[in-house]
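The structure appears below as structure tokens.
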Amino acid sequence: MDHFLYRDGALFAEDVPVAEIAAQVGTPFYLYSTATLTRHFRLFDEALHGMPHMVCYAMKAASNQAILKTLADCGAGMDVVSGGEYARAIAAGVPGDKIVFSGVGKTEEEMRTALTHGIRQFNLESEPEMERLNRVAISMGVVAPVTVRVNPDVDAKTHAKIATGKSENKFGIPIARAREVYARIAQMKGLKAVGIDVHIGSQLVDLEPYRLAFQKVGELTDALRADGHDIQRLDLGGGLGIPYTRGNEAPPLPMDYGNLIRETLGDKGCEIEIEPGRLVAGNAGIMVSQVVYVKSGEGRDFLILDGAMNDLIRPAMYDAHHDIVPVVEPAAGVEYQPYDIVGPVCESGDTFAKQRMMPPLAEGDLVAFRSAGAYGAVMASEYNSRPLIPEVLVNGDQFAVIRARPTFDEMINRDTLPEWL
Ligand SMILES: *Cc1c(COP(=O)(O)O)cnc(C)c1O
């Protein structure tokens, strides 16, 4: 169900007109729907019904405290990939035993923090990391619960920058070496293996790569148990894709994904963990921007927006498509025309869409980038000294700024001058 719909010709976010928020907050800004966030979380929860499970939201997709708290209140655990994310999860009230720690470069400091405040498990990505965590845990007199992230050498058939399950990717330990690694862990006093972890990539629009990976995890579960290891949990990562083009794409639903898990791994008697990020937050957010100029070029018209690649980098970084819709509904029968839709940043990469068919737009008009809730605000920067744009959360007929736009002074005053200047 879409919570960003036109009503009487105006785009609404749940029960609030988007233009009203724009008037109050200024553009550009990110806008999230509570109803979509909670619905998407529950879809995963329901997809795994009948199996012991925990849905750990991959918070790198969108990590504002208000989003985390909204999901934590629904019972979500968290998948974190840095000390900063761990601190955010704790600050949002998520207990340590619902936080899993992923990532290829965990530092000693991050390990200590998580072991001090509580952790469900570390997903180990390499043997040097395993050695270090063992040392840290022993020095603290604790035992760290771990899984090994295995790299199943499966082609996720997604964009190269977000494929993680092929042997040439930096992630995980080759599945062929897993038995040897678990045997070493069994001898380490600071580690206790509790399960297996896998995550093959992001924006997967086909279940087959998952099937291949899950089958391999199932075989490994049996082999490790035969070796005497107590495999209680299977962390299957995230990565389920979302429709970025309304009406044209139908990626598998969480229910199909859940059924595949039940079919391939349901008989293992394991607790299932999943780490969805994009599907929870992606279509729960839009970025609202204003047309600054309409510029006629050589054979093409440019819509120059006040939002730019520093605010939403996905088109520049992943060649990603975002539907862009006017905040005032186009009149029936109006003729669409092609525009190049760009931001003001000083590089040609700052192009959101080329020759996109849009209704005629003019200076001052508002547009909304759909599907911008995941890997949007979290990847923003202040390139060109454009302050990070605000985030707003809608809940029914209420809305609140959940991160304010910094003033220029606040941005400048984060820098400090050395005494010789
Ligand atoms: C990024 C990531 C996820 C989430 O991926 P989505 O495509 O956003 O669902 C889950 N687990 C790990 C280890 C990740 O790196």
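Nearest 10 degrees, 0 to 90: what angle lies between the long axis of helix 208-226 and the longest principal axis of the chain (Cα atoms)?
With rounding to tens, the tilt is 20 degrees.
Let's test the formula: R0 of 22 Å, r as the Cβ-Cβ distance of Glu108 and Gln187. What FRET efficiency results, to the nearest 0.05?
It comes out at approximately 0.55.
Taking the Cα atoms of segment 103-274 alone, what are Rg (to one decimal) and Dmax (as a whole number) in Å?
Cα only, segment 103-274: 16.5, 56 Å (Rg, Dmax).
For segment 103-274, give the share of DSSP beta bridges that are antiparallel, in percent and rounded to the nearest 5; count only bridges with both residues there.
Here the share of antiparallel DSSP bridges comes out near 5 percent.
How big is the charge dipole of the chain about its Cα centre, in debye rounded to the nearest 20, if each Lys and Arg gets +1 on its Cβ and each Asp and Glu gets -1 on its Cβ?
1040 debye
With the Cα gyration tensor of segment 277-318 giving a ≥ b ≥ c as the square roots of its eigenvalues, does the rule (a/c under 1.5 for rounded; else a/b larger than b/c for prolate; else oblate) give rounded, prolate or oblate?
prolate
Could you pull out every residue, at least 5 positions away or on a different chain, whose amide H is within less than 5 Å of the one on Leu388? Hs are placed 1.01 Å off N in the peptide plane, and Pro or chain starts have none.
none
Roughly how compact is the chain, stated as its Cα Rg over 2.2 N^0.38 Å to two decimals?
Numbers: Rg = 22.9 Å, N = 421, 2.2 N^0.38 = 21.9 Å.
Cα Rg divided by the expected 2.2 N^0.38 Å: 1.05.
According to a simple spin-label model (label point 7 Å from Cα along Cα-to-Cβ), what is the distance in nm between Asp2 and Asp230?
5.1 nm
Considering the options Pro95, Phe122, Ala226, tell which one lies farthest towards the positive end of the dipole of the chain, charges being +1 on Lys and Arg and -1 on Asp and Glu at the Cβ, about the Cα centre.
Towards the positive end, the residue furthest out is Ala226.
Please name whichever of Ala400, Ser82, Val325 sits farthest to the positive end of the charge dipole of the chain, dipole taken about the Cα centre and charges placed at Cβ: Lys and Arg +1, Asp and Glu -1.
Among Ala400, Ser82, Val325, the one farthest towards the positive end of the dipole of the chain is Ser82.
In the structure shown, do any of Lys106/Lys268; Lys166/Lys268; Lys170/Lys268; Lys216/Lys268; Lys189/Lys268 have a Cα-Cα gap over 20 Å, and if so which?
Result: Lys106/Lys268; Lys166/Lys268; Lys170/Lys268; Lys189/Lys268 exceed 20 Å.
How big is the antiparallel share of DSSP beta bridges in segment 1-160, given as a percent to the nearest 5?
Working: 6 of 17 bridges.
Looking only at bridges with both residues in segment 1-160, the antiparallel portion is about 35 percent.
How far apart, in nm, are two points set 7 Å out from the Cα along the Cα-to-Cβ line at Arg42 and at Arg405?
Computed distance between label sites Arg42 and Arg405 equals 3.4 nm.
In what sequence, largest accessible area first, do Glu419, Glu335 appear using a 1.4 Å probe? Display every interim value, and only then the final one.
On the way: Glu419 180, Glu335 150 Å².
The ordering from most to least exposed comes out as Glu419, Glu335.
Which value, in Å² rounded to 10, gives the accessible area of Asp409 with a 1.4 Å probe and all protein chains present?
Solvent-accessible area, nearest 10 Å²: 100 Å².
Kindly report the accessible area of segment 103-274 per residue (heavy atoms of protein chains, probe 1.4 Å, no ligands, DNA or RNA), in Å².
Per residue, segment 103-274 has an accessible area of 42 Å².
By its C-alpha gyration tensor, with a ≥ b ≥ c as the square roots of the eigenvalues, how is segment 76-141 shaped: rounded for a/c under 1.5, else prolate for a/b larger than b/c, else oblate?
prolate
How large is the charge dipole for segment 103-274, taken about the Cα centre, if only the Cβ atoms of Lys, Arg (+1) and Asp, Glu (-1) carry charge, to the nearest 20 debye?
My answer is approximately 340 debye.
Of all DSSP beta bridges in the chain, what percent run antiparallel (nearest 5)?
On the way: 34 of 70 bridges.
DSSP beta bridges in the chain are roughly 50 percent antiparallel.
Where does the charge balance sit around Ala362 when Lys and Arg score +1, Asp and Glu -1, over other residues with C-beta under 13 Å from its C-beta?
The answer is -2.
Note the full-extension length gain between Thr416 and Val142 as 0.36 nm times their separation in residues minus their Cα-Cα distance, in nm to one decimal.
In short, 94.6 nm is gained.
Between Ser167 and Gln337, with labels modelled 7 Å along Cα→Cβ, what's the label distance in nm to one decimal, could you check?
5.6 nm
Relative to the present Cα-Cα distance, how much length would full extension add between Asp319 and Gln398 at 0.36 nm per residue of separation? Don't skip to the end; give the middle numbers.
Numbers: separation 79, 0.36 × 79 = 28.44 nm, distance 3.43 nm.
Net length gain for the segment: 25.0 nm.
At a probe size of 1.4 Å, how large is the accessible area of Ser139, to the nearest 10 Å²?
Accessible surface of Ser139 is approximately 80 Å².
Using a 1.4 Å probe, how large is the accessible area of Ile162, given in Å² and rounded to the nearest 10?
My reading of the accessible area for Ile162 is about 30 Å².
The values are calculated or read from the model by the stated rules, or taken from the named source; none is laboratory data. In this text, all values refer to a predicted model and were calculated from it rather than measured experimentally. Glycine gets a Cβ as well: all are built from the backbone with ideal geometry, and neighbour counts include every protein chain shown. Heads up: the accessible areas ignore ligands, DNA and RNA and are worked out on the full protein's heavy atoms, side chains in. Shrake-Rupley method; radii C 1.70, N 1.55, O 1.52, S 1.80 Å.
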